[in-house]
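A.B. asks: Mind looking over this structure? Questions follow.
The values are calculated or read from the model by the stated rules, or taken from the named source; none is laboratory data. The shown structure was predicted, so the numbers you read here are calculated from the model rather than taken from an experiment. Don't worry about glycine lacking a Cβ; one is built from the backbone with ideal geometry, like all the others, and counts go over all protein chains shown. Note: areas computed on protein heavy atoms with side chains; ligands, DNA, RNA excluded. Shrake-Rupley method; radii C 1.70, N 1.55, O 1.52, S 1.80 Å.
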Amino acid sequence: MRRKLIAGNWKMNNDLDDSLKLVEKFKSLSDKFDKDVDVLICPAFINLYPVKQSLEGYNIKIGAQNMHFEDYGAFTGEISPTMLKSIGIDYVIIGHSERRQYFNEVDETVNKKLKAAHIHGIIPIVCVGETLEQRESGIEKETVKNQIVKDFENVHASEAVKTVIAYEPIWAIGTGRTASSQQANEMASFIRNCVSEIYGTDISDKVIIQYGGSVKADNAGEILTQSDIDGALIGGASLKAEEFYKIINYAK
Ligand code: 13P
């Protein structure tokens, strides 16, 4: 049985004050969170530690939005897995489409980061997804498969099984245009098959596959009850405590 993972990607939003205020609101709601759901929030790097400290004793996990694959060195402006680990970070988002689009992230670096995360015991959430143009040309599955194959190259099965995959169609991110629950589930199931082709069904049956792209309280229930969707990676709606809470409690 796969546990659902509801994750908030705050992106480049919330300064320290706003981050702590939002966390206080989550804390006040947290005893009513669905206990069968894992909850994760991913603030900006600079706010990870204060948010982590504020959440001490609460069952809310903290993730980073990116990291470098090296442990240390002359990489000005970067943050390493050892740094994240040293402040107790549980998860890291890797290969988000915004990083691929604006910061030259490519599958080769996603692959290195995925391996580095596992070396340090941080759970990577690897993002894949097609552009609108690719979907309209009918190559969305080919595109996503290509990303999976490259991102998981030489990744051991014991690490693959602990990797979260987020299917985020680029055309649905921040646009208000959600993939239909059927489209999202079809791709999630296709992704599970890709994982099965590489690692077998023992592994693919256990891998957590999230959907991301304009998930809101009013569409979460339909998306999150699909057979192959094990959670959501949420941008905009994770910045509002009540809305995020409703998504976490979608089943109620
Ligand atoms: P939105 O929920 O704002 O569409 O963002 C999705 C996303 O990119 C999460 O990583």
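A.B. asks: How much net charge surrounds Asp38 when only the other residues with a Cβ under 15 Å from the Cβ of Asp38 are counted, with Lys and Arg +1 and Asp and Glu -1?
C.D. replies: Values: positive: Arg2, Arg3, Lys4, Lys35, Lys61, Lys162, Lys206; negative: Asp34, Asp36, Asp90, Asp230.
So the environment of Asp38 carries a net charge of +3.
A.B. asks: Roughly how many debye, to the nearest 20, is the charge dipole of region 1-147 about its Cα centre, given +1 on each Lys and Arg Cβ, -1 on each Asp and Glu Cβ, and no other charges? Could you put the intermediate results ahead of the total?
C.D. replies: Working: 20 positive and 22 negative charges, 98 e Å.
Around 480 debye, computed over region 1-147.
A.B. asks: Could you state the per residue volume, in Å³, of the convex hull enclosing the Cα atoms of region 1-43? If you can, show how the numbers build up before the last one.
C.D. replies: On the way: hull volume 2.2 nm³, N = 43.
Normalising the Cα hull of region 1-43 by residue number yields 52 Å³.
A.B. asks: Now for a separate question. Using a 1.4 angstrom probe on the protein heavy atoms only, could you order Lys112, Lys27, Lys240 from most to least accessible area?
C.D. replies: On the way: Lys112 85, Lys27 35, Lys240 110 Å².
Result, largest first: Lys240, Lys112, Lys27.
A.B. asks: While we're on this one: Report the one residue of Gly221, Phe45, Val23 whose Cα lies farthest in the direction of the positive end of the charge dipole of the chain (charges on C-beta: Lys and Arg +1, Asp and Glu -1; origin at the Cα centre).
C.D. replies: So the residue we want is Val23.
A.B. asks: Using the Kirkwood formula on the Cα atoms of the chain, what hydrodynamic radius do you get, in angstrom to one decimal? List each step's numbers first, then the result.
C.D. replies: Details: mean 1/r = 0.0553 Å⁻¹.
Computed over Cα pairs of the chain, the Kirkwood hydrodynamic radius comes out at 18.1 Å.
A.B. asks: At 1.4 Å probe size, what's the solvent-accessible area of Thr175? Round to the nearest 10 Å².
C.D. replies: 80
A.B. asks: Give me the net charge for the shell around Lys21: Cβ to Cβ below 14 angstrom, other residues only, Lys and Arg +1, Asp and Glu -1. Let's see the in-between values first.
C.D. replies: Working: positive: Lys25, Lys27, Lys240; negative: Asp15, Asp17, Asp18, Glu24, Glu242.
Summing Lys/Arg as +1 and Asp/Glu as -1 gives -2.
A.B. asks: In a solvent-free Debye calculation with one equal scatterer on each Cα, what is log10 I(q)/I(0) for region 100-219 at q = 0.19, 0.21 Å⁻¹, listed in the order of the q values?
C.D. replies: For region 100-219, the Cα-only Debye profile gives -1.05, -1.25.
A.B. asks: Two decimals is fine: what is log10 I(q)/I(0) at q = 0.29, 0.31 Å⁻¹ for region 167-216, from a Debye sum with one equal scatterer on every Cα and no solvent?
C.D. replies: Evaluating at q = 0.29, 0.31 Å⁻¹ gives log10 I(q)/I(0) of -1.00, -1.08.
A.B. asks: On to the next question. What percent does the relative contact order of region 101-252 come to when contacts are Cα pairs within less than 8 Å and at least six residues apart? It would help to have the intermediate numbers written out before the result.
C.D. replies: On the way: 228 pairs, mean separation 31.5, N = 152.
Answer for region 101-252 is 21 percent.
A.B. asks: Mind checking which helices in the chain clear 27 Å along their axis (Cα) and have mean Kyte-Doolittle hydropathy of 1.6 or more, DSSP H runs only? Write down the numbers at each step before the final one.
C.D. replies: Working: long enough: none.
Result, helices passing both filters: zero.
A.B. asks: Turning to a different aspect of this structure: Based solely on C-alpha atoms, express the radius of gyration and the Dmax of region 8-139 in angstrom.
C.D. replies: 16.0, 49
A.B. asks: Something else: Which one, Gly88, Gln101, His156, projects farthest toward the positive side of the charge dipole computed for region 80-200 from Cβ point charges (K/R +1, D/E -1)?
C.D. replies: Checking the options against the dipole of region 80-200, the answer is Gly88.
A.B. asks: OK, next. Which residue fluctuates most in the GNM of the chain (Cα springs below 10 Å): Ser137, Ser181, Ser214?
C.D. replies: Highest fluctuation of the listed residues: Ser137.
A.B. asks: Based on Cα positions only, what radius of gyration and what Dmax would you give for region 158-252, in angstroms?
C.D. replies: 13.4, 40
A.B. asks: Please give me the summed charge of the neighbours of Ser181: other residues whose Cβ is under 12 Å from its Cβ, Lys and Arg +1, Asp and Glu -1.
C.D. replies: Details: positive: none; negative: Glu186, Glu222, Asp228.
Around Ser181, the surrounding residues sum to -3.
A.B. asks: Right, here's the next one. Roughly how many debye, to the nearest 20, is the charge dipole of the chain about its Cα centre, given +1 on each Lys and Arg Cβ, -1 on each Asp and Glu Cβ, and no other charges? Show your work: numbers first, answer last.
C.D. replies: Details: 29 positive and 36 negative charges, 109 e Å.
With only Lys, Arg, Asp and Glu charged at Cβ, the dipole is about 520 debye.
A.B. asks: Shifting gears a bit: Under unit Cβ charges (Lys, Arg +1; Asp, Glu -1), what dipole magnitude, rounded to 20 debye, does region 70-111 have relative to its Cα centre? The partial results should precede the final answer.
C.D. replies: Details: 3 positive and 8 negative charges, 24 e Å.
That gives region 70-111 a dipole magnitude of about 120 debye.
A.B. asks: Just need log10 I(q)/I(0) for region 60-117 at q = 0.15, 0.17, 0.18, 0.29 Å⁻¹, Debye formula, equal scatterers on the alpha-carbon atoms, no solvent, rounded to two decimals.
C.D. replies: So the normalised log intensities are -0.41, -0.53, -0.59, -1.31.
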